[in-house]
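Colleague: The structure that follows is given in the form of structure tokens.
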Amino acid sequence: MLTKAFIPYKGYYSSPFSRWQGSMANENSIVLGATTTKKWLAQKNWDPGMFDYLILGITIGQLHQFYSAPWAAALMGAGGISAVTLSQACTTSTTCIYQAAVGVETGLYQNCYTLMTDRCSNGPHTVWPNPMGPGGEVISENWMMDNFNSDPNVGLKMVETAENVAKEDKITKEECDALTLRRYEQYLEALADDRAFQKRYMFPVEVKVSKKKTVLVEEDEGVTPCTEEGLGRLKPVVPGGVLSFGCQTFPADGNCGVVVTTAEKAKELSADPSIPIQVIAYGYSRTKPGYMAAAPVPAARMALQNAGLKITDMKVLKTHNPFIVNDLHFAREMGIKAEGSDELTFNNYGSSLIYGHPQGPTAGRIIIEGIEETVMKGGGYFLWAGCAAGDTGGSLVIKVG
């Protein structure tokens, strides 16, 4: 359990998420994340030089990836600080925030910035040497599609690992469709009153369309409207399965940033010093091979145990749900209602299932949304949990107020 690591209220932002091959498709995600951070800091009148370390979370390689973290620090205006790059697929943001918190807890950092950014669009294609192959034929790899479609450890597509969990839990297609529709309805609540909820944390991204023209991306792009009838008509992706394309997320592009610092510095930077936001505990897991959608449960249990709390102590619950099976399994195992209830809200204002999954920044945006929702509810404990490639999971407990 941590006691010294804090996040300033409003000491974070997330960009909108842009659907695969959308507005951000041609931007180097390292550059876009760092320059967006620089604009965000300028709007807050914060000097980038106040940070003593940068943790960059990124999972899909970009040009000059070798220099990614120190380069990003320089681009955001903090060229004098050291930096490191972390990658853990879908839980990258969680690990970045927790590692920053551990650094603050131990006195290694005083004021650490975590920047998470990725571009699923136009992913790199790598050619690996294969001198022992027939005629020296090379091995080629599409960073995103090849790895989405085959975990080398189990030889399964990601959707097939979710189907394994669905089969074991006896989850039906009707259950998947119904909860997906509920998640879409929850996302619509984030758009109410001229996007009042999203405007609490979302920061626009400036994208170059040509040498002379730029556009400002202010809202999520690519969210597909859901109806009961429409979801019902979609056939399962895997023959005999329960998950249609409507019940899983989609690749996206975007970035986010979170400041992790001491209690004193958090008060100084906070938009409201009376709202302390404390990083309490972390959990991790690896479930049995080929059952990735089940991984958030043991990770969440570990985080709660490390915090000395129970699921019923949580005011807000948010999950990364690349497949709706994740939430159905999580609810059953944790003894809660998947659609949410008065006792425990579950993925209010949407989730990655609906607004997309850029990998690195996905969990960061969800955590930011969870903080804001907890503030709106008057404070309390907030739990985030999610799965990641390789049947792994991560979880974070945060105390607000």
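Colleague: In the stretch 112-141, which residue that is small (Gly, Ala, Ser) and free of Cβ contacts under 8 Å to residues at least 12 places away in the same chain is surrounded by the fewest Cβ atoms within 10 Å (Cβ to Cβ)?
Modeller: Gly135
Colleague: To continue, here is another question. Evaluate the stretch 255-271: report whether one residue or more is assigned to a helix (DSSP H, G or I), in contact with a helix residue (DSSP H, G or I) (Cβ under 6 Å, 6 or more places away or on another chain) and among the β-branched types (Val, Ile, Thr).
Modeller: No: zero hits.
Colleague: Can you spot a residue in the stretch 34-48 that is at pLDDT 95 or above, within 22 Å of Ala388 (Cα to Cα) and not charged (D, E, K, R)?
Modeller: No, the stretch 34-48 contains no residue that is at pLDDT 95 or above, within 22 Å of Ala388 (Cα to Cα) and not charged (D, E, K, R).
Colleague: Looking at the stretch 260-275 only, could you name the residues that are in contact with a strand residue (DSSP E or B) (Cβ under 6 Å, 6 or more places away or on another chain), crowded, with 17+ Cβ neighbours inside 10 Å and not basic (Lys, Arg)?
Modeller: Result: Val260, Thr261, Ala266.
Colleague: Can you tell me which residues in the stretch 305-327 are touching a residue at least 40 places away in the same chain (Cβ under 8 Å), over 21 Å from Lys288 (Cα atoms) and either assigned to a helix (DSSP H, G or I) or β-branched (Val, Ile, Thr) (or both)?
Modeller: Asn306, Ala307, Ile311, Asp313, Val316
Colleague: At pLDDT 95 or above and either small (Gly, Ala, Ser) or under 30 Å from Thr161 (Cβ atoms) (or both) - does that describe any residue in the stretch 203-221?
Modeller: Yes, the stretch 203-221 contains a residue that is at pLDDT 95 or above and either small (Gly, Ala, Ser) or under 30 Å from Thr161 (Cβ atoms) (or both).
Colleague: Within the set of pairs 6+ apart or on separate chains, which have a first residue in the stretch 345-365 that is farther than 19 Å from Arg182 by Cβ, a second that is of a type in the set (Asp, Glu), and C-beta atoms under 6 Å apart?
Modeller: That search, which allows pairs on different chains as well, returns Pro358/Asp118; Pro358/Asp253; Gln359/Asp118; Gly360/Asp118.
Colleague: While we're looking at this one, here's another question. Within the stretch 240-259, can one find any residue that is over 30 Å from Thr180 (Cβ atoms), under 22 Å from the mean Cα position of the chain (by Cα) and buried (at least 17 other Cβ atoms within 10 Å of the Cβ)?
Modeller: Yes, there is a match, as at least one residue in the stretch 240-259 is over 30 Å from Thr180 (Cβ atoms), under 22 Å from the mean Cα position of the chain (by Cα) and buried (at least 17 other Cβ atoms within 10 Å of the Cβ).
Colleague: Just to check your reading of the model, which residue among Ala338, Ala331 is within 23 Å of Asn164 (Cβ to Cβ), part of a loop (DSSP other than H, G, I, E, B), touching an Asp or Glu at 6+ places or on another chain (Cβ under 9 Å) and hydrophobic (A, V, I, L, M, F, W, C)?
Modeller: Answer to the selection: Ala338.
Colleague: Can I ask one more? Go through the stretch 358-401 and report how many residues are of a type in the set (Ser, Thr, Tyr), surrounded by fewer than 24 Cβ atoms within 10 Å (Cβ to Cβ) and under 22 Å from Gly123 (Cβ atoms).
Modeller: 1
Colleague: Consider Ser285 against the criteria (1) within 28 Å of Ser15 (Cα to Cα); (2) touching a strand residue (DSSP E or B) at 6+ places or on another chain (Cβ under 6 Å); (3) surrounded by 20 or more Cβ atoms within 10 Å (Cβ to Cβ): it satisfies all of them except one. Which criterion is unmet?
Modeller: Here Ser285 clears every test but (1).
Colleague: Scan the stretch 322-332 and give yes if some residue there is aromatic (Phe, Trp, Tyr) and touching a Cys at 6+ places or on another chain (Cβ under 9 Å), otherwise no.
Modeller: Yes - at least one qualifying residue is present in the stretch 322-332.
Colleague: Inside the stretch 210-223, can you point out the residues that are in a loop (DSSP other than H, G, I, E, B) and either basic (Lys, Arg) or in contact (Cβ under 8 Å) with a residue 60 or more places away in the chain (or both)?
Modeller: Lys211, Lys212, Lys213, Glu218, Glu219, Asp220, Gly222, Val223
Colleague: Just one of (1) outside any loop (DSSP other than H, G, I, E, B); (2) of a type outside the set (Val, Ile, Thr); (3) within 23 Å of Lys10 (Cα to Cα) trips up Gly77, so point out which.
Modeller: It is condition (1) that Gly77 fails.
The values are calculated or read from the model by the stated rules, or taken from the named source; none is laboratory data. Keep in mind the model is a prediction, meaning the values are calculated, not measured. Glycine gets a Cβ as well: all are built from the backbone with ideal geometry, and neighbour counts include every protein chain shown.
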